Amino acid sequence: MEKPYSRLSNSEGNSQSVEKLLHYQSLPLTSEQSDDKDSDEFFGILRRRGIIIAGVVTTMMLAVASLTLSQKPDYEGNFRLLVEPVTNDESVPDVASNNNPNNQKPTLDYETQIQVLKSPELLAEVAKELQTSYSGMTRDFLAKSLRITRVAETKVIDVRYQSNNPEKIKTVLDKLANYYLKYSLEKQQTKLRQGKQFVDEQLPPLRKRVEGLQKELQDFRRAYQFTNPDTQREDIAIETRLLNEQRLKIDQQLSLVRANFLNMQKRQTANAILNESLTYQDLVKQVRQLDAQIAQELTRFQEGSPAVENLRERREKLLPLLQQEAQTTYNTKLTRATAEVQNLEAQSRDLLQKQEKLVQKEKQLPLLARKYAEIQQELNIATDSLNRFLSTRETLQIKTAQSELPWQLIQAPELPKKPVSPNIERNLLLGLFGSLFLGISAALLIEKLDNTYHRVETLQEKLKLPLLGNIPFEKLLQKNQAPIFKTEQAVDSDSTEENLIPNENYNNKYPSEAFLEAFRVINTNLQLLSSDQPIRSIVVTSALPGDGKSTVAFHLARVAAAMGQKVLLVNADMRRPDKQSVVSLNNVWGLSSLISRSVKLEQVIQQVPGINDFSMIAAGPVPPDATKLLSSEKMRLLMADLRKQFDLVIYDTPPLIGLADTNLIAPHTDGILLVAKIDQTDRSALKQAMESLKVSRINVLGFAANGTKGKMPVHESYRQKAVAVS
């Protein structure tokens with residue numbers, strides 16, 4: 001008999017189907033699709049967090065409106081002065097024309113002039129005159145509310161004063177206008193002369209400082225032969241590179257010579273050296289010839305004959321010469337190699353010393369460069385200061401020599417009638433934009449801190465699993481707290497048997513057509529996952545409680561039975577059997593009874609009334625150790641038997657996190673249908689559950705997204721009328 005768990009639920013056809021589904025789901029998005037996705041996600045966040053945004057906007061707008069309306073109205077008045085003539089006066093010679101490269105008459109330094117008009121010395125006299133009418137008027141108080149600007153690129157200066165008393169504004173501006181006109185006539189020439197005197201006093205020390213810095217820079221260049229930091233650094237880099245190349249070449253030659261020297265000490269190399277010596281080879285040839293003659297004479301004469309002895313004597317005389325020649329030749333070669341090694345080592349040491357000197361020079365370069373830069377910077381600053389003072393003196397001389405025309409009041413002060421602040425329209429508009437920004441920022445921050453999934457696409461992207469179906473949010477199920485079916489004791493005789501009957505408190509209208517169609521899609525997708533063998537048993541579970549796994553399991557079984565399959569729904573949550581919110585089953589007999597007691601299967605199977613081929617098994621009494629029962633051999637055999645009797649067996653198991661029940665049941669089924677609830681499933685918990693399934697090597701068929709909101713993408717002409725499965 002084949003064991004149920006020995007069959008690979010992750011069959012070849014199943015794998016190919018899942019891979020094909022994943023392939024279609026992971027197709028890359030175009031830039032336009034990506035932008036649309038980001039836009040949809042952003043507006044989705046705004047819809048979800050609309051209450052927060054509305055609250056922030058309302059609070060901010062109330063605060064802005066309250067603050068704006070509580071402010072006292074402020075008024076502002078002004079007058080304008082023409083401080084330069086509109087046309088050049090031809091009667092006054094333009095003495096600056098020879099020195100001005102653009103041949104233009106120098107204009108007024110408006111920024112400086114405005115600072116002079118706002119100076120404490122001028123405002124102190126005006127404030128003193130105003131104290132007769134306004135005792136609290138001080139120089140600082142006057143400067144705080146006074147604003148002097150140049151009108152665009154014109155020759156007009158605009159003077160404005162702001163206060164909550166219109167009459168005070170008129171009085172202050174009249175005093176200021178009279179004083180500024182008087183100042184232009186009496187004191188302007190004096191100020192110019194004082195400025196020229198100050199410049200003349202500052203020029204000698206500036207010239208002396210510039211000359212001293214120039215000499216210091218010249219001495220520094222001469223002492224260190226230093227011209228420019230960049231050039232010096234490049235020269236050192238080039239010299240260092242050349243030395244590195246030379247040393248690398250010497251080191252390569254030295255490596256070869258050393259290898260040759262070591263090789264000469266080997267016997268084979270020594271023989272090769274002797275073979276190259278002509279003298280040695282000539283002696284060897286003579287010895288060999290004598291050996292041949294001795295051998296030839298021995299054929300004619302006996303050993304010890306004079307001819308033989310004469311040849312042997314000649315041979316013995318050649319042997320010392322041969323050995324001496326060999327030693328001389330070898331020593332000569334060895335001496336040459338040694339000398340070559342020493343020569344190359346000396347060259348390498350010399351290059352190393354040069355490199356060390358360059359390194360020291362390079363280390364000293366930053367200090368010299370910094371000193372050079374400091375002197376150069378001080379010289380530039382001193383030169384710029386000298387040039388500015390020279391230019392200022394020239395300008396002051398020109399202004400002093402030329403006639404100064406008095407200023408003209410081209411717009412007299414008037415009594416302000418309309419307040420300038422608060423600007424209610426502007427404040428409310430800015431408050432609206434600011435509150436919208438803060439509201440959206442708060443919504444995005446809360447969304448960032450939210451650890452749940454709000455979109456099916458995001459959930460699908462993170463899980464990397466086939467999406468088997470989108471289950472829409474159903475208000476009917478959320479409002480209905482009573483179970484769809486409940487148990488009732490049989491009325492015949494003395495039987496204690498309880499039957500499953502519809503709950504009269506339940507609104508017997510079936511959920512929406514979209515809700516029903518979602519489970520048809522899930523059931524169809526489950527059957528299409530495997531081409532070789534149909535899906536006969538699955539586990540429906542979730543990462544944490546509250547994701548709707550029991551509801552999904554019940555309605556999936558109900559739809560599958562309506563589509564012609566013989567279905568069994570098994571409540572495998574023996575830890576909390578009383579928490580079934582969909583169906584209230586009789587727990588006197590159930591799954592725990594089948595495993596732990598001698599109870600027949602027919603006693604625990606309960607037929608759902610009005611739905612053909614739809615049966616259910618309750619969890620049964622709570623056992624002391626649920627994992628022991630689920631991991632038993634009897635449970636395995638029971639699951640194999642149920643698989644044979646039914647077309648589809650659905651096991652409603654406890655959540656994955658923290659419990660081993662699902663991991664004990666799932667290997668003996670065709671796989672797991674994972675349920676994740678939109679706006680509720682915790683990201684970290686779902687990630688932990690997926691990692692647990694990967695470690696256990698359990699086949700996950702796909703996932704169902706529960707509680708999706710919005711209209712399902714199905715044209716109205718294809719929607720079927722709701723059919724009650726009763």
Magnitude of the Cβ-charge dipole (Lys and Arg +1, Asp and Glu -1) of region 229-401 about the Cα centre, nearest 20 debye, reported as 260
Over 25 Å (Cα to Cα) among 285/333; 128/155; 566/600; 72/144 -> 128/155
Put in order of increasing Cβ neighbours within 10 Å, starting from the fewest, 294, 381 give 381, 294
Among 215/361; 118/417; 464/549; 118/170; 215/363, the pairs whose Cα-Cα distance exceeds 22 Å are 215/361; 118/417; 215/363
With a ≥ b ≥ c from the Cα gyration tensor eigenvalues, square-rooted, and the rule rounded for a/c under 1.5, otherwise prolate when a/b > b/c and oblate otherwise, region 229-401 is prolate
For 158, 109, ascending order of other Cβ atoms within 10 Å (fewest first) is 109, 158
Assertion target for 424, 250, 169, ordered by fewest C-beta neighbours within 10 angstrom first, is 424, 250, 169
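Where a number appears in this text, it was derived from the coordinates with a stated rule and is not lab data. No experiment lies behind these values; they were computed from the predicted model shown. FYI the Cβ positions are ideal-geometry reconstructions off the backbone, even for glycines, and counts take in every protein chain you see.
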